[in-house]
Structure formats: structure tokens, C-alpha cells
1. Part of a helix (DSSP H, G or I) and over 17 Å from L47 (Cβ atoms): which single residue out of L173, L187 fits that description?
2. Every residue in region 136-160 that is in a loop (DSSP other than H, G, I, E, B), of a type outside the set (A, V, I, L, M) and either touching a helix residue (DSSP H, G or I) at 6+ places or on another chain (Cβ under 6 Å) or within 17 Å of S113 (Cα to Cα) (or both), please.
3. From (1) among the aromatic types (F, W, Y); (2) surrounded by 17 or more Cβ atoms within 10 Å (Cβ to Cβ); (3) closer than 17 Å to F77 by Cβ, pick out the condition that doesn't hold for F174.
4. Checking N143 against (1) free of Cβ contacts under 8 Å to residues at least 60 places away in the same chain; (2) over 26 Å from G71 (Cα atoms), which test does it fail?
5. From the list K166, K123, which residue is surrounded by fewer than 19 Cβ atoms within 10 Å (Cβ to Cβ), within 14 Å of A89 (Cβ to Cβ) and under 17 Å from the mean Cα position of the chain (by Cα)?
6. Which pairs turn up if I take residues in region 59-78 that are under 19 Å from Q107 (Cβ atoms) and look for partners that are part of a loop (DSSP other than H, G, I, E, B) and among the polar types (S, T, N, Q) with beta carbon separation below 8 Å, at least 6 apart in sequence or on another chain?
7. Going by the conditions given, is D192 among the acidic types (D, E) and farther than 20 Å from N46 by Cα?
Amino acid sequence: MVFVINFTENVIHGLSNKQTPCATGTGRGVPGVTVRWSKPPIGWHNLNSDGALDSRDGVASCGGLIRDDGGAWIVGFSKRIGICLILEAELWGIYEGLLAAWSIGSQYLLVESECLEAINLIKNRSTSDGVLSMIHSISALLNRSWCVRFSHIVRDGNHAADWMAKLASSDDLFCHRYLSPPVSISLLLQQDVAD
């Protein structure tokens with residue numbers, strides 16, 4: 001299979017330059033922006049990732065989950081990162097999510113992030129000094145033999161990933177994977193797949 005990265009232009013350029021790319025707004029009324037979670041196309045997996053920053057101590061974490069085309073949980077992850085910018089935490093979430101997706105054999109993957117800036121940096125293979133190593137690491141994963149698409153999703157559609165990011169242990173810097181959903185996230189998952 002040939003690597004494909006497909007960015008839908010109306011999604012990437014759906015926000016005006018005056019809107020904050022990693023904002024926490026709802027995105028309602030913004031064309032091309034997903035407001036609630038929806039199932040991926042048949043045969044695809046969906047990765048939702050998020051970064052979080054604890055305002056009390058400035059420690060960042062990331063997390064997310066991968067679901068199948070029926071909305072069923074495949075794997076989740078959370079990781080404490082340490083002190084960094086929220087953009088770096090968002091990129092860490094995408095990176096750890098791509099690693100998890102590759103490890104379970106995903107061939108077709110839709111990646112959803114609420115950080116438009118992170119999506120654009122990946123799209124443009126940016127060489128921005130602050131995140132250069134993360135972009136290179138993500139690019140290396142994207143160059144593998146699979147089909148990966150990126151989409152911007154607003155916070156209202158990314159609650160489950162946000163929850164996973166906040167589950168990160170404060171005791172270590174390892175990425176923890178969850179083969180079944182934590183009980184505390186069950187209601188969010190049910191709401192996502194409800195019609």
C-alpha cells in the first residue's frame with residue numbers, strides 16, 4: 001500500500017486567520033469543522049487525540065483513543081509529558097496515537113485533532129524550531145505503508161480524547177495503553193455513538 005496523506009482543504013482552511021488554531025471554542029457555524037464525533041468510513045479506524053496542560057503546575061499530558069468504523073473502542077492511551085507548550089502536547093498526542101494505530105495494524109486511519117495549528121504543521125512538514133523533532137517523528141510514521149487523513153474537530157466533538165489526556169499518571173513519563181475503556185469514560189463513548 002502506498003502512503004497517502006489527504007487533507008481536505010475546506011477543513012484545513014475552515015478557520016479565519018483571526019481564530020486561534022488551538023482554541024477551545026465550539027466551532028459552531030464554522031464551515032468544514034466537525035462539531036461532534038462521527039464514525040469513520042467503513043474499513044477505517046478513527047484516532048482522536050488531545051493535549052492538556054494543567055494550569056496549576058504547567059505539566060502537560062496527551063491522550064486519545066482509536067475506534068473502529070462502528071465506534072467501538074480498540075485502544076486508548078495517555079502520557080504525561082512534563083513542562084511544554086500546549087502545541088507540543090497536541091503533537092505528542094498525534095504521535096503517540098499514530099504509534100498505537102500502527103501497532104494494532106491500522107491500514108486506513110482518520111486522525112482528528114482540535115489543534116488546527118498542529119494539523120497545518122504536519123501538513124506542511126514544517127521546520128519550525130520549537131517542534132522540529134516532533135514533526136520529523138510524525139513524518140517518519142506517516143511515511144509508512146498506510147493511508148492517513150487528518151481532520152480538524154472542535155472540543156465539543158473531542159471530549160473522549162480530552163478525558164484520556166487528563167488520565168495521564170503524574171508518576172511517570174511512560175505512555176499507558178488501555179485495551180478496554182476506563183469505566184470513567186463509558187458515558188462519553190456512549191454519547192458519541194448515539195444517533
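The values are calculated or read from the model by the stated rules, or taken from the named source; none is laboratory data. Being a predicted model, the structure only gives us computed values, none of them experimental. All Cβ positions, even for glycine, are placed from backbone atoms using ideal geometry, and neighbour counts span all protein chains on display.
1. L187
2. Within region 136-160, the first condition is being in a loop (DSSP other than H, G, I, E, B), and the residues that meet it are 143-146, 154, 158.
Then drop every residue that is not of a type outside the set (A, V, I, L, M), which leaves 143-146, 158.
Across region 136-160, the qualifying residue is only N158.
3. Of (1) among the aromatic types (F, W, Y); (2) surrounded by 17 or more Cβ atoms within 10 Å (Cβ to Cβ); (3) closer than 17 Å to F77 by Cβ, only one is false for F174: (2).
4. Tallying (1) free of Cβ contacts under 8 Å to residues at least 60 places away in the same chain; (2) over 26 Å from G71 (Cα atoms), N143 fails exactly one: (1).
5. Details: K123 fails: within 14 Å of A89 (Cβ to Cβ).
When all the criteria are applied, what remains is K166.
6. From region 59-78, the pairs are I66/S106; W73/S180.
7. Numbers: among the acidic types (D, E): yes; farther than 20 Å from N46 by Cα: no.
No; evaluated as a whole, the condition is false for this residue.
Yes/no per residue for (1) crowded, with 16+ Cβ neighbours inside 10 Å; (2) of a type in the set (D, E):
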{"residue": "L91", "(1), (2)": "yes, no"}
{"residue": "A101", "(1), (2)": "yes, no"}
{"residue": "I104", "(1), (2)": "no, no"}
{"residue": "E112", "(1), (2)": "yes, yes"}
{"residue": "V154", "(1), (2)": "yes, no"}
{"residue": "I185", "(1), (2)": "yes, no"}
